[in-house]
Amino acid sequence: MIIILLGAPGSGKGTQAEYICPKYNLFPVSTGDLLRERKKADDDIARNINALMSEGKLIPDDTINLLVSEMLDAKLASSDQRGLLFDGYPRTVEQAKFLNEALKKHNKKIDGALLFQIDENIIVDRITSRRVDRKTGKIYNLKTLPPPAGGDYDLYQREDDTEEVIKKRLAVYKEQTEPLIDFYTKQGVIFNVDAAAERSETEKEVSDILGKF
Ligand code: AMP
């Protein structure tokens, strides 16, 4: 099964990915996580990624597609039988076309693109209270999903989760990623999800969709 989570930053894709992957035996591919790892290096590519991410801009398609195709080749050549769940990729029509071709090379295709629908005002509120645990990578929200009491956490705020940067990221989403809705609608693989609902409700909607494949 090959699934894409499509939706604005802060629409809850990462949180749902944590829930879906173990349940449906899917391997998570988050280009945001891959980039956060890559930018720790001390080289020009890392510095370039860092500069673009902290401004809320997209990393160039060539860089991202290379990262994804290396990951895909390694994953699909291995004995790992899990399907794939893409979170945060593709983000441009160019990337979507590239992914279709890369999958075709491996005799695979996208089963579903789940579109997380949510109002922008909710997003800004959600994102500015989002925190990530440095130890586990798990995503929390100070208002709606606080870490369970008694645990030992090392929470931090992503530097692109400030109000200023999130507004920029939303504008980038509208301009560069929203055209993918049309792209995948034409491919007949779009499924709408109410991402503003309670988390458990969204989980149920997602399960209902994935249960059909
Ligand atoms: P995310 O964790 O998915 O919200 O991504 C964080 C940031 O990483 C984005 O704002 C972009 O700067 C960069 N990024 C992640 N995925 C992509 C992608 N598919 N194409 C271009 N830039 C990306």
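Note on the chain: with charges restricted to the Cβ of Lys and Arg (+1) and Asp and Glu (-1), its dipole about the Cα centre is near 380 debye. Here the 3J(HN,Hα) profile of segment 175-190, calculated from phi with Karplus coefficients 6.51, -1.76 and 1.60 at θ = phi - 60°, is 6, 9, 9, 4, x, 5, 4, 5, 4, 7, 5, 4, 7, x, 10, 7 Hz, Gly and Pro shown as x. Does segment 143-193 classify as rounded, prolate or oblate by the C-alpha gyration tensor (a ≥ b ≥ c root eigenvalues; a/c under 1.5 gives rounded; else a/b over b/c gives prolate, otherwise oblate)? In terms of gyration-tensor shape, oblate. The C-alpha atoms of segment 1-63 occupy a region whose extents along the principal axes are 38, 21, 19 Å, arranged from largest to smallest. Can you show me the helix-derived [θ] at 222 nm for the chain, built from DSSP H runs with n ≥ 4 at -39,500 (n - 2.57) apiece and divided by the number of residues, rounded to the nearest 500. Calculated at 222 nm, the ellipticity per residue is -14500 deg cm²/dmol. With a Förster radius of 35 Å applied to the C-beta separation of Val124 and Glu101, the computed FRET efficiency comes to 0.45. In this structure, the residue pairs whose Cα-Cα separation is over 21 Å, taken from Lys104/Lys174; Lys39/Lys97; Lys13/Lys174; Lys108/Lys138; Lys109/Lys174, are Lys104/Lys174; Lys39/Lys97; Lys108/Lys138; Lys109/Lys174. The distance from the alpha carbon centre of segment 1-30 to that of segment 150-213 is 9 Å, rounded to a whole number. For the chain, the mean projected area of the C-alpha convex hull, equal to one quarter of the hull surface, is 12.0 nm².
Since every read-out is calculated from the coordinates, none of them should be taken as a lab result. Predicted model only: the values in this text are computed from it and were never measured. A quick note on method: Cβ atoms are made from the backbone with ideal geometry, for glycine too, and the neighbour counts reach across all protein chains shown.
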